[in-house]
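Shown next, in structure tokens, is the structure this report addresses.
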Amino acid sequence: ANAQPGGTCAAVEPVAEALDLLFDIYGDMAYDYDEPVFVREKLLPRLRQMLAPMRSLCKTVDRRKNRSLRDRCDLATQNLRAFIEYKATERK
């Protein structure tokens, strides 16, 4: 995998960090901004669309050459899947 700045490996950490922040920001429907932003702007379908590209991004990181980065990416993907499941049932 390309570990040079600007390569796909370089994109993994900022994407994983952005997802972590998104989980924190929209983690509870009780937050005042959850309904007007997360629900009305239809972020859940957008997150669902991110799952396959996120898995593909993780596959660009060679586990043998950069174990910690691959683990970080895999964890972000697992957390994305869990967050989508949580948000899908949160308002039911």
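The values are calculated or read from the model by the stated rules, or taken from the named source; none is laboratory data. Just so you know, these numbers come straight off a predicted model, no measurement behind them. Quick reminder, even Gly has a Cβ in these numbers, built from the backbone with ideal geometry, and neighbours come from all protein chains shown. Heads up: the accessible areas ignore ligands, DNA and RNA and are worked out on the full protein's heavy atoms, side chains in. Shrake-Rupley method; radii C 1.70, N 1.55, O 1.52, S 1.80 Å.
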(request) Go through (1) among the charged types (D, E, K, R); (2) at pLDDT 95 or above; (3) more than 10 Å from the chain's Cα centre (by Cα) one by one and return the number of the condition residue 62 breaks. (result) (2)
(message) So in segment 76-85, with the set limited to residues that are without any contact (Cβ under 8 Å) to a residue 60 or more places away in the chain and surrounded by 14 or more Cβ atoms within 10 Å (Cβ to Cβ), which one is nearest to the chain's Cα centre (by Cα)?
(response) 77
(request) Give the residues of segment 26-44 that are more than 14 Å from residue 91 (Cα to Cα) and charged (D, E, K, R), sorted by residue number. (result) 32, 41
(request) Take residue 85 and decide whether it is farther than 20 Å from residue 11 by Cβ, out of contact with any helix residue (DSSP H, G or I) (no Cβ under 6 Å at 6 or more places or on another chain) and at pLDDT 95 or above. (result) yes
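Conditions tested, residue by residue: (1) out of contact with any helix residue (DSSP H, G or I) (no Cβ under 9 Å at 6 or more places or on another chain); (2) outside any loop (DSSP other than H, G, I, E, B); (3) under 27 Å from residue 91 (Cα atoms); (4) open to solvent by 40 Å² or more (accessible area, probe 1.4 Å).
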{"position": "10", "(1), (2), (3), (4)": "yes, yes, no, yes"}
{"position": "19", "(1), (2), (3), (4)": "no, yes, yes, no"}
{"position": "24", "(1), (2), (3), (4)": "yes, yes, yes, yes"}
{"position": "46", "(1), (2), (3), (4)": "yes, yes, yes, yes"}
{"position": "58", "(1), (2), (3), (4)": "no, yes, no, no"}
{"position": "74", "(1), (2), (3), (4)": "no, yes, no, no"}
(message) Being crowded, with 17+ Cβ neighbours inside 10 Å and without any contact (Cβ under 8 Å) to a residue 60 or more places away in the chain is the filter here; which residues of segment 61-72 pass it?
(response) 70
